[in-house]
Structure formats: structure tokens, C-alpha cells
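Encoded as C-alpha cells, the structure appears first; notes follow it.
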Amino acid sequence: MIIKNGTVYDPANNINGEKVDIFIEKGKIVDESELRDKKEIEASGLVVLPGGVEIHTHIAGSKVNIARIMRPEDHRKDVVRKTPYQRSGTGYTVPTTFTIGYRYAEMGYTTVWEAAAPPLGARHSHEELLDIPIVDKGIFTLMGSNYFVLKYTEEGEFEKLKNFVAWLLHATKGYAVKIVNPGGVESWKWGKNVSSLDDTVQNFNVTPREILKNLARAADELHLPHSIHVHCNNLGSPGNYAITRETIEMLSPYRRHITHIQFNSYAGEDWGTFTSGGSDIAATLNKSKNVTCDVGQVIFGDATTMTADGPWQHTLFKLSGNKWANSDVEMETGAGIVPYRFKKKNVVNAIQWSIGLEVLLLTEDPYKVFLTTDHPNAGPFYHYPQVMELLMSRKKREEMLETVHPLVKERSVLPSIEREYSLSDLAVVTRAGTARALGMTAKGHLGVGADADISIYRFDEEQIQKSFQKAAYTIKDGVIVVKDGTVVADHMGKTYVLDVKADLSEEERQIFSKYYTVQVSNYPVEEAYLPQKEVVTCR
Amino acid sequence: MLLNPLVKTAIPVTAPCITPDWFSGKSVEEVGNLPVYYGNKEKRLRDVFDIKDDGKDIITLGSVPTVKYIGKGMTAGSIVIKGDAGMHLGAEMKGGCITVEGNVSDWAGAEMKGGEIVVAQNAGHCLGGAYRGSKSGMNKGLIVVKGNAGNEVGGLMKKGIIVVEGNLGDAAGCSMKGGTLICYGHPGNRLGALMQRGSIVLYESPALLPTFTYDAEYNPTWLRVFLRELQKTPHRIPITQNHIEGTYRRYNGDISELGKGEIFVFHE
Ligand SMILES: [Zn+2]
């Protein structure tokens, strides 16, 4: 296939709005000389980008499913009928598996990562991933409050820890080390939390600082393609930007990804004095190396908050008065779910909204900061085009600022920010940057050898949101899966796993059989759950 | 407009378009073109109904026990059903009046915000209720059922009036947050379970949950005024002078919740 005469933005290969033809053969981008299939897509006047790469979303697994069960009112307002190529389903904040795949593809996204799989729930996560069509996918494995991680950190047994991390990634078919409120989730099992990097975790003589450093070092020494993926302590609390900054700084020189950083960039003492710490966090990002983050941009309207951060979810339940589910995953982690609505006229919500944009706009290097809504925590993923418009147009930002709580103008620097994203910047924060941070070499660019995951848009500067909402074409593995914003083909993506191999020691097996409700032999996710896998080597 | 079903079928027809709001100003041809679902197949109204213009603004239907969502969200006007009606009748309606001369199925008047529904025979479950996950059910409006009603009548009801002249099923007024539920027949089990606020008025003695406590026997002033107003409606609700002037035993609950709900049992 040839994509002819398109205006190509491929920042990873320094192509910024040039007319370049793209040649596709057997699902890969190839040199013109290797082209056999001469089918053409006429793309003159259209913008051609690499397929979108989502770095952090919650789409599969136990807590997503608890949220689905918990929120029938959410499905009722967004019903999706079947088409010849699409199964029926529902939205809104917690869509059905199939609808998730379709909606990502319609927007031009072709790779998505489930950002928090409890090891015991990994099989469930993979089962659901199998029902998410079109996109490539995979999971990050939760480790920040795992019994063995805490035990080896306490004992100073780094090699054992590293071996366990490798084994757990192998057993869960995970791709990265996810850390949520390190130590806090363990303490929550006793109704407690941690609030600084040097607090002691309940029943273990370890601190969040030690957990983070050990796991960051393990991820680096195991040469995992993605760094540790950190949901910091004190998420959601006023004044938490300090601990976020400290986390970023103390983890140097290890690689680290701070996720949904908006929720961790709050200044002020309490809810009354709540202000933005976004510019401070952006300054920290600007001067730090080996750090990336995604923002978790707030979308006004309904959201469903779901995270392994059980103590925070309990706080949010108390704050909002909404319904709440709590889950305890033996030996490993926990989770909480609370529906939430972000309101324009709520001063805290409005400032939260401004913070995500501040971080995106004030961080100079777009390879350090990525666009997410931490779906569905800050809003559904299919509202990304709203954010893209705000990033690319100061005028739209000003219009929006007029509709939100007026205190935003005093408590955030957003009104004074002049920067407008170029299409190249946008391609970095949604594609090239995320793919690089994830260590996915065949994604996020359009060079020879890359996967033929391509999105093509009818771009109109006056209607940026509309332009990105529905792709003119989404091409996945060289197949046209979306045309004019509608799914036109059934396609199954791959699950990404690592080639890490490790075994448990006899002692670990004994602990396992003594304390787990599952036999260790039944614990690892079987190959049957990965009918189409892509194995990534760690080196 | 006169609508008569073309075939007798067990297949559910989803027809939220049957409302005065959608019909107003449209010709028979245009009305016939409105979309409906016959099972899971999209069809036109004329594929399912024989439509005639009788020159009246009232929409009159034959017996339509499998047609769902009639009068959904309507804001004004009248619908008369000369027989049975299907599920979700008048769901989320805001105004106007629906009269059913036969029985109505489940979820009639669910989450309605105004208007009236009058049922000559029996009603199904979740009458004036809240859809699963919603924070509140019926929120203003009046429902009168001449026969019996099913389970969970007025679940999560917030405002408005439900009158059931026959018996109630189980868990009537469960999680009620406000409004008034009146029953002239026998109330079912677990009446008012989890209710926070609101009033239930009974004329037969109930088997109350242990989370309701007896307060006093008296003639509530508000109820006197309320029943007098209700007497003025054209629905011939069987309110007697005794009901207005007599005494009621008041219980409050559900004390496992807020406990500000009240159940009045007519004494004499
Ligand atoms: Zn998340």
C-alpha cells in the first residue's frame, strides 16, 4: 500500500509537515523498492501521523470490571449499537471491552497500555485484553506494596528482589513495574497510609523511598524497556507537589515515569487554599534527566476514579459522598473505586483542569510529558481531542478559561502561557514520546521497519477537536481498520510481553504455599492467554 | 392520531418516539416514518402500526403489551392506551398525561419528573422507580393505579405522589428520599426498607420492619390538606371523610438509614 501526497508529521525521524509517500508491505513500513501491493490511499491535503500510543489507561482487569458492575447509570447514557464490523456495547466512563478498542481506533490510536494489573488479577486483565480489538496492548504489573518486594527491601536483599521482579513480570506477562502509593497500599490494610517518603510501612521496616529506589534500580538493571511507572504518594492531597518533586529528584539517576502527574502537582495547605503546583513541577521536569511523565488531564464531566491507591479512594469517598468499592488483593496490592464528576464551577476541579495543561505547556521537551486523562480517573480517553485543541490554540484556552471558576486566573499561571503546540509537538506527546518512553522501537514513528500503524486526519485549524475525534483513516498492521471515523474491519492486535525468565527459590515457594490462596503452579498466566504476542527482549 | 398494532407479537418493540412531542405537527406519513426497534431490527413506525389521523391531538393506541418506552420523556399532551402497555411507559416524562385502560408492565413512570400516569388495572414492578445505579427515582408528578402494583414501587423516589388502590408488592418505597406513597390495599413485606425521607400512607396494617419505631397516634395536619387536594383530581381516588378526619399511627424509619421517613397507618 502507498499513502500518497500526505503531509507527514514524524518527529522521531525529523519529518515535520513534509510531503512524503509512505510504503507499506506485510504490516510494516518499507522502502519503495520492496513494495509489491500497489494499492493507493490518496492523502493530499490530509495529515499523516504515526498511530497513537497510549501510555496509561485503565481498560482491563478486576478494578475496571468492578467499576462496570458498580455503574449501570454510566452505561445507560452511552449505548453503542452493533454494525457489520462492530459488536454492540456501552460507554461512558467504563466502556465495554470491544467499545474501548473501537473508540481508540476511531481516534487514530493503535497501541494502548493497561497501567495497573494486580498480579493475582493479571489473568483477568489478559482475558479482557483479548476482547479489545484492533489495538496492540499489554499490562503494567503492580509491585509497590507486594509482600516479597517489601520483604527483600527490608532485608536489603537486592538480588533476590531483582529476581522476584523478573519472575513476577514473567508470571503475569507484564511489561513494566507499576508502583502505586509505595508502601501506602500495604499500610491501608491496617487502615493507615504513608505521607512522606520516609514514613515506615506498617509491619515492615521499610520506607517509600527505599521501595522506589530498589524497584527503579531493578528495572534499570533488568534492562526493562520501560522505566518504573510511579503513582506517587499523597496523590490528590493539597501540597503534594513537594513529594512529587522529591520523588523525581531522589530517584536520579534511575529512569522513572511519573504518572498522572496532575493529581500530584497540588500546592496550598488545604482545600481552601488549594493552588496549582504545575509550574513548579514543570520546572523540576525541565531540569531533570531520565524522567518522563503523563499528565492525567481533567475532562469536565463524569469520571470513574479507580486506582490501587486504596487509602486515597477512601478519602475521596468521604469527600464526595459517592459510592465506593474497596478491594484487597492478598499479599500484593489493593484497589478502590469511586465515581466522580469534575465541575467547571468547582474551584478545585477548575484548578486541577488548569494544572494538566500547565505541565503540558511549561515542560519544554515534549519527549518528557505525555497526554493522558488517566482514563477514566480524570475523564474518558475519547475526549483527548478536546485537550489537543486546548494545547494547540491559546484562543480556545482563553474561551475555556472564561467558563470555569474565576479563581483559576489567580491560582494558576495558565492564562499567561502563550505557547501553542505544533502538530509535531502533538505527535510527540501522543506518539513518538510515549513510544520512546515505553521502549517500543517499532511504534510512534514512520521510518522503514516501523509497524504500519498510521493515522490520517482531515486537519482543520479552526476545528482541531473535530479533526482529531474521528480519523479519516486508521491503519493497523497495514490494514485499513477505520475509514471516515468508522470501524470498517475486524482486526486483532498483539499483546506485548517481555523475554524475562526467572525462577522462584524454594523459600519463596514455601511462603507462597503458606500464605497465598492460589498454588504457585496455578499462578502464572498461561500462554493460552497470548494467542498473538510480541516478545520484547530486555537488553 | 390512532395507532393500532398490525400484528400481535411477543417481540418487544422499542418506540420512545410515541410521544405528543414527536408527533406534534406531523402528518400520518411523517409519523409513520419515525424510527422504532422491532426486536433488534430498526424499522419504521408504520411497519408496526396502522396509523390513522382522527383529527385529535390525543395519541390513542390499541393494546400494546410489548411496546416499550411509550411517552418517554414527554413534556405535554395526552396518550390513551385502550388496553395493556409495555415496559418503561412514561419513563422520564416531564409533563402531560398517560391513561392506560388495562395493565401496565414494569418501570412505568420510572424517574419521571412531572405529569400524570393513570392505570385502570394493575402495574408491574418498579413503578415510579429509579433505574439501577441512579441516585433517585420519581421526582414530581402523579401516578394512580386502580389495581395492584408489583415490587419496589417508588424505589428511591424523591418527590411526587404514587397512589395504589390495590395491594403493593414487596419493598415498596425502598430507599425513598421524599414524596408520598399511598396504598389502600395490603402493603407487602419490607415496606420502606432503607427509606431516608418521605411518607407512606396505609389503610391496612403492615408487617413493619424492626427498624421502624412507633411515635404517636394523631391526625396529621399536612395529610388532611394533602388528601383534600387529592380529592379534587378527576381520578376518583377512594378518599373518605374518615380518612381526612381520622387518626393515624405514625412510625419513623428506616433507622438503619437517616430515619426521617414516616409511615402512617390509618386507625379510625
Ligand atoms: Zn492510572
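If you count the DSSP beta bridges with both ends in the protein assembly as shown, what percent of them are antiparallel, to the nearest 5?
Beta bridges within the protein assembly as shown, antiparallel portion: roughly 45 percent.
To the nearest 20 debye, what is the magnitude of the charge dipole of chain B about its Cα centre, counting +1 on the Cβ of each Lys and Arg and -1 on the Cβ of each Asp and Glu?
Here the size comes out at about 440 debye.
Which percentage, to the nearest 5, of the DSSP beta bridges contained in chain B is antiparallel?
Of all bridge pairs located within chain B, approximately 35 percent are antiparallel.
Where the Cα atoms of segment A:1-124 are projected onto their three principal axes, how long is each span, largest first, in whole Å?
53, 33, 26
Using only protein heavy atoms and a 1.4 Å probe, how much accessible area in total is buried between B and A, to the nearest 100 Å²?
Interface area, both chains combined: 600 Å², rounded to the nearest 100.
Rounded to the nearest 10 Å², what accessible area does B:LEU2 have for a 1.4 Å probe in the complete protein model?
It works out to around 60 Å².
Provide B:THR211, A:THR93 ordered by accessible surface of protein heavy atoms (probe 1.4 Å), highest first.
B:THR211, A:THR93
Å³ per residue of the Cα convex hull, for chain A?
It is 134 Å³ per residue.
Stokes-Einstein at 25 °C, 0.890 mPa s, Kirkwood radius from Cα pairs: D for segment B:56-179 in µm² s⁻¹?
Approximately 183 µm²/s, per Stokes-Einstein.
Can you give the FRET efficiency for B:ASN189 and A:GLU330, using 1/(1 + (r/R0)^6), R0 = 35 Å, r = Cβ-Cβ distance, to the nearest 0.05?
0.35
Which residues, if any, in segment A:66-111 lose at least 10 square angstrom of accessible heavy-atom surface (probe 1.4 Å) when the other protein chains sit next to their chain rather than the chain being alone?
The answer is A:PRO72, A:GLU73, A:ARG76, A:ARG81, A:LYS82.
Counting only heavy atoms of the protein chains, get the accessible area per residue of chain B (1.4 Å probe) and round it to a whole Å² value.
Counting only protein heavy atoms, the per-residue value for chain B is 42 Å².
Could you tell me which of the pairs A:LYS28/A:LYS533; A:LYS63/A:LYS192; A:LYS19/A:LYS470; A:LYS323/A:LYS443; A:LYS77/B:LYS158; A:LYS323/B:LYS159 are separated by over 28 angstrom between their Cα atoms in the structure shown?
A:LYS323/A:LYS443
Would you kindly derive the ³J(HN,Hα) couplings of segment B:128-142 from the backbone phi angles with the Karplus curve 6.51 cos²θ - 1.76 cosθ + 1.60 (θ = phi - 60°), listing them in order in whole Hz, with x for Gly and Pro?
x, x, 10, 5, 4, x, 6, 7, 8, x, 3, 9, 4, x, 9
Per-residue ellipticity at 222 nm for chain B, helices alone: DSSP H runs ≥ 4 residues times -39500 (n - 2.57), over residue total, nearest 500 deg cm²/dmol?
-2500 deg cm²/dmol
Quick one: check the C-alpha center-to-center distance for segment A:65-137 versus segment A:360-399, whole angstrom.
22 Å
What is chain A's relative contact order, in percent, from Cα pairs under 8 angstrom and six or more apart in sequence?
That works out to 20 percent.
Could I have the simple spin-label model distance between B:SER205 and B:LYS140, label points 7 Å from Cα toward Cβ, reported in nm to one decimal?
In this crude spin-label approximation the distance works out to 4.0 nm.
Can you give me the relative contact order of segment B:56-267 as a percent, contacts being Cα pairs under 8 Å and 6 or more apart?
12 percent
Can you pull the percent of chain B's accessible area that's carbon plus sulfur, 1.4 Å probe, other chains left in place?
Here carbon and sulfur together make up 50 percent of the probe-accessible area.
Taking a spot 7 Å from the Cα of A:ASN65 along the direction of its beta carbon, which residues of segment A:498-519 have an amide N less than 20 Å from it?
What the label zone holds, given the 20 Å backbone N cut-off, is A:517-519.
Can you work out the FRET efficiency for the pair A:ALA242 and A:LYS4, with r the C-beta to C-beta distance and R0 = 45 Å, to the nearest 0.05?
With a Förster radius of 45 Å, E is 0.30.
Among A:TYR529, B:HIS186, A:VAL230, flag the residue with its Cα farthest along the positive direction of the charge dipole of the protein assembly as shown, charges on Cβ as +1 for Lys/Arg and -1 for Asp/Glu.
B:HIS186
If you put +1 on each Lys and Arg Cβ and -1 on each Asp and Glu Cβ, how big is the dipole of segment B:131-224 around its Cα centre, in Debye rounded to 20?
Result for segment B:131-224 is approximately 540 debye, rounded to the nearest 20.
Could you give the distance between the Cα centres of segment B:81-107 and segment B:1-54, to the whole Å?
The two parts, judged by their Cα centres, are 16 Å apart.
Considering the options A:HIS405, A:GLN465, A:VAL338, tell which one lies farthest towards the positive end of the dipole of segment A:316-470, charges being +1 on Lys and Arg and -1 on Asp and Glu at the Cβ, about the Cα centre.
A:HIS405
If each of B:LEU258 and A:LYS323 carries a label point 7 Å out from its Cα toward its Cβ, how far apart are those two points in nm?
1.8 nm
Find which of A:ASN181, A:LEU316, A:ALA218 sits farthest along the positive direction of the dipole of the protein assembly as shown, computed with +1 on the beta-carbon of Lys and Arg, -1 on that of Asp and Glu, about the Cα centre.
Selected residue: A:LEU316.
Placing +1 at every Lys and Arg Cβ and -1 at every Asp and Glu Cβ, with all other atoms neutral, what dipole size does the protein assembly as shown have around its Cα centre, in debye to the nearest 20?
1520 debye
Estimate the FRET efficiency between B:ASN33 and A:ASP198 by the formula 1/(1 + (r/R0)^6), using the beta-carbon distance for r and 56 Å for R0, to the nearest 0.05.
Computed FRET efficiency for B:ASN33 and A:ASP198: 0.20.
Per-residue Cβ counts within 10 Å, from other chains only, averaged over B:127-139: what number is that?
Taking the mean over all residues of the peptide, I get 2.
For every helix of n ≥ 4 consecutive DSSP H residues, a contribution of -39,500 (n - 2.57) applies; sum these over chain A, divide by its total residues, and give [θ] at 222 nm rounded to the nearest 500 deg cm²/dmol.
Here the helix-only value at 222 nm equals -9000 deg cm²/dmol.
Counting alpha carbon pairs within less than 8 Å and at least 6 residues apart, what relative contact order, in whole percent, applies to segment A:451-524?
18 percent
Could you tell me the center-to-center distance, by alpha carbons, between segment A:291-335 and segment A:243-279 in angstrom?
Segment A:291-335 and segment A:243-279 have Cα centres spaced 17 Å from each other.
Sorted by average packing, counted as other Cβ atoms within 10 angstrom per residue and highest first, what order do B:129-137, A:508-516, B:104-112, A:357-365 take?
By packing density, highest mean first, the sequence is B:104-112, A:357-365, B:129-137, A:508-516.
The values are calculated or read from the model by the stated rules, or taken from the named source; none is laboratory data. Everything quoted here is computed from the prediction, not taken from an experiment. Ideal geometry is used to build each Cβ from the backbone, glycine not excepted, and the neighbour counts take in all protein chains shown. With ligands, DNA and RNA removed, areas are computed over all heavy atoms of the protein, side chains included. Shrake-Rupley method; radii C 1.70, N 1.55, O 1.52, S 1.80 Å.
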